[in-house]
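Okay, so here's the structure we're looking at.
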């Protein structure tokens, strides 16, 4: 016949033995420790999932940037051609003979261009601390370097555009810019459609002609520099997309 042994209750006033206290302490310690590790594992898994979602968003941002680079490569290529045409007209003293060409190309040439590259996804990864969950050091370094390239290009254009704006005020004494913006309020301002009316040029001195040539040459320099930077960013962009896809497929 099976006999069941029941724990004997402590009598009133009887103290627990040291082993019993120690056993209860171990049970409590293990319970707290396991709970701590379980919570850490859960948070770590959650953070890794968030990092993965951030990377997916970052990849989408890279894809959007590729389209922007393709568009602005054409923009700057066209700007180089237009500015070179105007520069050559002034250099050869044909400004009044080819006034119609100047009218057609002027706005496209002197319009300031900035590349609107959005980096909010990368900024979110950095600010959220999710970058530490990307264990691929080469990928992290490439992401940081790519952001630096974008910021360098943005700073370059800010400085160049401000310089060209300052010079434009002086050259407005030589070029009739009274009709740069259309006065037709029924239409939105569109640099691709509006052809301004430009009054014939007075006789230009050698110094004035040189200033005009240098002014449009500066636009060419800026556009060529932007083209070079865009090509570098585009190459890095392609490499980053491949690296991000490899990271996501692990």
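Derivation of every value follows stated rules applied to the coordinates shown; laboratory data play no part. Note that the structure is predicted; figures quoted are calculated from it, not measured. As a convention, Cβ positions derive from the backbone with ideal geometry for all residues, glycine included, and neighbour counts pool all protein chains shown.
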Practice prompt. Could you work out how far apart the two model spin labels at residue 126 and residue 49 are, taking each label as a point 7 Å from the Cα in the direction of the beta carbon, and quote it in nm?
Written response: 2.8
Worksheet, complete the sentence: With R₀ set to 22 angstrom, the calculated FRET efficiency between the beta-carbons of residue 81 and residue 225, to the nearest 0.05, is 0.90
Worksheet item: From the Cα gyration tensor of segment 103-144, with a ≥ b ≥ c the square roots of its eigenvalues, which class applies: rounded if a/c is under 1.5, or else prolate if a/b is larger than b/c, or else oblate?
Response: prolate
Worksheet item: Where the centre of each part is set by its Cα atoms, how far does segment 122-188 sit from segment 70-88, in angstrom?
Response: 18
Worksheet item: How much length is gained if the chain between residue 91 and residue 74 is pulled fully straight, taking 0.36 nm per residue apart and subtracting their Cα-Cα distance, in nm to one decimal?
Response: 3.6 nm
Worksheet, complete the sentence: Per its Cα gyration tensor (rounded if a/c is under 1.5, else prolate when a/b beats b/c, else oblate), segment 148-188 is best filed as oblate
Worksheet item: Using alpha carbons only, what's the Rg to Rh ratio of segment 165-250 with Rh from Kirkwood?
Response: 1.24
Discussion item. Once you place label points 7 Å from the Cα toward the Cβ at residue 217 and residue 137, how far apart are they in nm?
Written reply: 4.8
Discussion item. 7 Å from Cα along Cα→Cβ at both residue 199 and residue 111: what's the point-to-point distance in nm?
Written reply: 2.6
